[in-house]
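Asks: Quick one: this structure, given as structure tokens, is what I'll be asking you about.
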Amino acid sequence: MRVYWKRATGADSGNYAFVIAAGLAWRMGVAIRFAGCITAGNPFDVTNSAIKTTTTTGATPAVSDTTTGSDRLWVWSGSYFNGDATCTQPSGFTERVDISGGVALDVATKDQATAGASGSLTGTFSGNGGTGAWLGALLPPPTGGFFGLM
């Protein structure tokens, strides 16, 4: 699983094309736009990821992290490498994306008002297969936190 970010500018419009190398066994992409983040530098306070190659369950590997300040937006993503499946995101998270088409991908968010730990987070896909999970905490602007999913 790869996570990339880009800060949009007034010159950005239209569509973006993502090119993934041919011959890869599994590939899928999704783009999500968040508003209300810091306007310079890396928008993530902290990130963490894990991969599980065993195929006995559809549970994602556990990810966790600890924010360094208040008013963060946790963004969790899970991926499933064994066909179509639906996902149940970690408890307390709001699902934003749930797609499948040969592989499956889920994205969910959760507000965190004060600095602290995320706890151990897992999601569960509806089939048995290899899975991955990613967790990041978006930084608010210096004047206070407001996030919007566009």
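The values are calculated or read from the model by the stated rules, or taken from the named source; none is laboratory data. Source: prediction; values computed, not measured. Positions of Cβ are backbone-derived with ideal geometry, glycine not excepted, and every protein chain shown enters the neighbour counts. Side chains are part of the model used for accessible areas, which takes the heavy atoms of the whole protein and leaves out ligands, DNA and RNA. Shrake-Rupley method; radii C 1.70, N 1.55, O 1.52, S 1.80 Å.
Asks: Quick check, is Ala8 of a type in the set (A, V, I, L, M), open to solvent by 70 Å² or more (accessible area, probe 1.4 Å) and in a loop (DSSP other than H, G, I, E, B)?
Replies: Spelling it out, it is not the case that Ala8 is of a type in the set (A, V, I, L, M), open to solvent by 70 Å² or more (accessible area, probe 1.4 Å) and in a loop (DSSP other than H, G, I, E, B).
Asks: Can you work out which of the residues in the stretch 95-112 that are in contact with a Lys or Arg (Cβ under 9 Å, 6 or more places away or on another chain) and open to solvent by less than 70 Å² (accessible area, probe 1.4 Å) is nearest to Asp45 (Cα to Cα)?
Replies: The selected residue is Gln112.
Asks: When Ala17 is evaluated against the numbered criteria (1) within 28 Å of Ala117 (Cβ to Cβ); (2) out of contact with any strand residue (DSSP E or B) (no Cβ under 8 Å at 6 or more places or on another chain), which criterion, by number, is the only one it fails?
Replies: Checking Ala17 against (1) within 28 Å of Ala117 (Cβ to Cβ); (2) out of contact with any strand residue (DSSP E or B) (no Cβ under 8 Å at 6 or more places or on another chain), the one that fails is (1).
Asks: Of the numbered conditions (1) crowded, with 18+ Cβ neighbours inside 10 Å; (2) within 24 Å of Ala137 (Cα to Cα), Ala85 fails exactly one; give the number of that condition.
Replies: Just one mismatch for Ala85, condition (2).
Asks: If you take the residues of the stretch 121-145 that are within 26 Å of Ser100 (Cβ to Cβ) and more than 14 Å from the chain's Cα centre (by Cα), which of them is surrounded by the most Cβ atoms within 10 Å (Cβ to Cβ)?
Replies: Phe125
Asks: From the set of residues in the stretch 30-46 that are of a type outside the set (Gly, Ala, Ser) and within 26 Å of Ser100 (Cα to Cα), which is most open to solvent (accessible area, probe 1.4 Å)?
Replies: It comes out as Arg33.
Asks: While we're here: From (1) surrounded by fewer than 18 Cβ atoms within 10 Å (Cβ to Cβ); (2) touching a residue at least 60 places away in the same chain (Cβ under 8 Å); (3) at positive phi, pick out the condition that doesn't hold for Asp71.
Replies: Only one criterion is unmet by Asp71, namely (1).
Asks: Give the stretch 26-49 a look and list any residue that's of a type in the set (A, V, I, L, M, F, W, C), in contact with a Ser or Thr (Cβ under 8 Å, 6 or more places away or on another chain) and at pLDDT 85 or above, or say none.
Replies: Val46
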